[in-house]
1. Which of [x] 157; [y] 209; [z] 283 is the computed volume of the Cα convex hull per residue in Å³ for the structure on display?
2. Would you mind calculating the gained length between Thr473 and His410 on full extension (0.36 nm times residue separation, minus the Cα-Cα distance), in nm to one decimal?
3. Summing +1 for each Lys or Arg and -1 for each Asp or Glu, what net charge is found among the other residues whose Cβ lies under 11 Å from the Cβ of Ile162?
4. Only Cα pairs under 8 Å and at least 6 apart count here; give the relative contact order of the stretch 421-548 as a rounded whole percent.
5. Antiparallel versus total DSSP beta bridges in the stretch 602-658: what percent is that, nearest 5?
6. Could the peptides 407-414, 352-359 be put in order, highest first, of the mean number of other beta-carbon atoms found within 10 Å of their residues?
7. Ordered by packing density, taken as the mean number of other Cβ atoms within 10 Å over each peptide's residues, highest first, how do 527-539, 80-92 rank?
8. Over the chain, what is the relative contact order in percent, taking alpha-carbon pairs closer than 8 angstrom and at least six residues apart?
Amino acid sequence: MNSQYVNGVYRTRMRILACILCASLAVLTIRVAYIELVRGDYLEEMADELHNRERTLESKRGDIVDRNGTVLATSGSICRVSVVHNQIQDEEQVAKKLSDILGLEYEKVLEKVQKKVALQIIKNQVSTEEANQIRSENLKGVIIDENYDRYYPYGSMAAQTIGFVGSDNQGVVGLEVAYDQYLQGLDGRILSLTDARGITLEDIGEKLEEGAEGHVLQTTLDVRLQQYAEQLIEKAVTQKNAKKGALIAMNPQNGEIYAMALYPSYDLNDPFSIQEEALIQQWESMDESQQMDALNQMWRNWCINDTYEPGSTFKIVTASAALEEAIVGLDETFHCGGSLVVADRKIRCHKAGGHGTVTFLQGIQESCNPVFMTLALRLGADRFYEYLKVFQFDQKTGIDVPGEASGIMHKPENVGPVELATMGFGQSLTITPIQLLRAGAAIVNGGNLITPHFGKAILNESGEVLKELSYETEEQAISAQTSETMRLALETVVSEGGGKKASIPGYRIGGKTATSQKLPRSAHQYISSFLGFAPVEDPQIMVLCLVDEPQGIYYGGTVCAPIVKEFLENALPYLGIEADYSLVDENSEPEWGEEPIGPVGSVAAPDVMGMSFQEAKKAADELELTLEALGSGEVVAEQFPQAGEEIRKGTKLIVYLKGENTNDDREADGED
C-alpha cells in the first residue's frame with residue numbers, strides 16, 4: 001500500500017480526532033461555565049440541603065391576661081418526637097420503643113419510621129416524662145425537640161370571647177385570632193450538618209437560631225366579674241329551661257367590657273368536643289360538614305355574630321330621638337286602650353286592658369306600646385332612620401373580635417306607617433346585643449358613641465406596656481341634656497315601673513325591661529332581657545342580660561331584672577362604688593324578699609302551685625293580691641313571687657298554667 005496514502009489517512013483521522021476533542025472540550029467548558037455561572041447558586045443550595053438538616057422550634061405564644069394580670073391563656077412547654085430515617089439502625093426496635101412509651105399503635109409508628117424522608121414527626125404533644133424516658137433509651141435517629149402547647153387555666157370561662165388556637169399554634173376564633181399578630185412569636189431553627197447519607201456529623205454538632213416569644217395581650221375582662229356573670233347566667237338558663245343566655249357588663253364611658261358570659265359554653269382545652277347531649281347522641285351519624293356546622297355554632301359568640309328583635313329595650317332609642325327632636329315632653333299625656341289602630345292594622349299593647357291615660361314618663365315606666373308607636377309616627381320614617389344612623393345600627397360597632405354582624409332593617413322606601421309604628425317599640429328590625437349595649441351607653445353617658453372592646457394593651461413578657469390600645473369615640477351623638485333626661489327617666493323604671501326587681505337599696509339604678517316575641521309569632525317563644533346601669537348620676541357600669549326562650553314565666557322584668565340586680569349587688573362594691581344609704585327611705589315598704597319585713601300591709605305570698613286558675617285567683621283575692629296568668633292550661637306550674645315570700649298587698653302574683661289545654665290563651669297583661 002502506498003505509504004503516502006497511509007500517511008494521509010492517518011493525518012485525516014488525527015484531524016478528526018483533534019476536532020472531536022476540541023469540540024468536546026468546548027462543550028465541557030461551556031457546561032462548566034454554565035454550571036458555575038448560571039446554576040452555581042442553585043446547586044450550592046441543593047448541596048446545602050443535602051448536608052444541612054433544618055428543624056423548626058415553635059416560639060412561645062404570648063399570654064392573654066385580664067385587666068389585673070390574671071392569666072386567661074398561656075403556653076406550656078411540651079416536646080415533639082421525630083425520626084431521621086437514615087440514622088436509624090433498627091427500624092423495628094425504634095418503632096416498638098416509641099409505640100410503647102407514647103401509647104401509639106405499633107404498625108402506624110413503624111410506617112412512619114420506615115418513610116424515607118429527611119424528618120418524620122411521630123408525635124407533637126409529648127410530656128416531659130415521656131420525653132425523658134425516650135432519651136434514656138439512646139435510640140439512634142430519634143430526635144426530641146421542645147415546643148409549646150396552649151393552655152386555658154379557667155377552662156370554659158369566656159370561651160366564645162377568648163377563642164383558641166389550631167394545631168399550627170395560630171388563632172382560630174375570638175381574641176386568639178383577632179390579636180394573632182401580637183401573640184404569635186418568631187419561630188427558631190436548629191441546623192445540623194450531615195454527610196451524604198444524611199447522618200449527623202457529631203464532631204460539628206448543631207447550630208441554634210433563637211426565635212422570639214409573642215407579646216402579652218392585656219384585656220379589659222375581669223376574672224371575678226366574668227366568673228360571677230357566668231354563674232348567674234348558667235343558673236338562669238338552667239332554672240328556666242331556656243335555650244341559651246348571656247350577660248354582658250361594660251363601662252359605658254369608654255367601652256371596656258368587664259364580662260361577657262354566654263351559656264351554654266365549651267371547654268377551651270378541648271374545643272372539638274360537643275357539649276350538647278342531643279348532639280353527642282347523633283354525632284356518629286352526622287357527616288363531616290354537619291359536625292363542622294355544629295362546632296361552629298358552639299364556638300359562635302351570638303352577642304356579636306347574631307341579630308335579634310330587641311323589643312322594648314329599643315324604646316330607649318325612640319324616646320331619645322323624640323326628646324332630641326323636642327316632639328314630646330315628660331308630662332305630655334297619652335291614652336292607651338290596649339291597642340292602637342295604625343293604617344288598617346290594630347296593634348296591641350302588651351297590657352291587654354290598656355294603661356289608660358299616662359304621661360310620657362309613665363309610658364316609659366310601664367313600657368306602653370301605643371306611646372312609642374305614636375312617637376315613631378310623629379318622627380316620621382326619614383327622621384326615625386336618621387336616628388338609626390346616629391346610633392349606627394346600620395353598621396358594625398367595631399368591636400375587636402371577628403365575625404361581627406350589623407343590624408337588619410327595612411329599606412326606608414319600604415317603610416309604611418305599620419312598619420314604622422312597630423319599629424318604635426323594637427319590632428320589625430333586628431340588631432345585635434352589642435349594638436344595643438353601645439346605643440344604651442351613648443344614651444346614658446352624656447351622648448357619646450363609644451366602641452365596645454376587649455383589648456387594653458400589648459405588654460412584653462416582663463409586663464411593660466409596649467402599646468396602649470385605643471378605640472374611636474364619636475362625641476355628642478345626642479345632646480348631654482337628652483342623655484340626662486333619659487338617665488332620670490330610666491331610673492324611675494327601676495324605682496316605680498316594670499324594672500323594680502333590679503332595685504338595690506343605697507344605689508340609684510336605671511334600666512329598661514323587654515320581652516320580645518320571636519318569629520314566627522304563633523310559636524309563642526320569647527327573649528327576656530333587661531338593660532341596667534349604675535349609678536344614675538355617673539354611670540360606671542352597664543349590664544345587658546338576655547335569656548332566650550325561657551319556659552313558664554318569661555317577662556324580662558321577672559326573669560332578667562333580678563339577675564342584673566344580683567350581679568350589680570356584687571359588682572358595684574367591687575368596682576369601688578359604695579352604697580349611699582341616705583337614699584333609702586326608712587318609711588317606705590321594702591321590695592319582695594328584702595329584710596327587715598315591711599310594715600302593716602305586707603303579706604306572705606300564697607302557695608298556689610298545683611291549683612287551678614280559679615283556685616289561685618281566689619287565694620290571691622283573699623290576700624288582696626292581683627293575679628296574672630300566663631300559658632294555656634288548668635294547673636299552676638310556676639309562680640312568682642315564690643310561696644312564703646313577703647310582699648305588699650296589691651302586688652301582682654304571676655302564675656304559669658300548664659296541663660290540660662283549656663283553649664283559653666290568657667294574654668300577658670301588664671309586665672314587659
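Here, each number is a calculation from the coordinates, and none is a lab measurement. Not measured: the values here are computed from a predicted model. Cβ sites come from the backbone with ideal geometry, for glycine too, and all protein chains shown count toward neighbours.
1. Of the listed options [x] 157; [y] 209; [z] 283, [z] comes from this structure.
2. Length gained, Thr473 through His410: 20.0 nm.
3. Spelling it out: positives minus negatives among the neighbours equals -1.
4. 18
5. Expressed as a percentage, antiparallel bridges in the stretch 602-658 total about 65.
6. Answer by packing, highest mean first, reads 352-359, 407-414.
7. 527-539, 80-92
8. After rounding, I find 11 percent.
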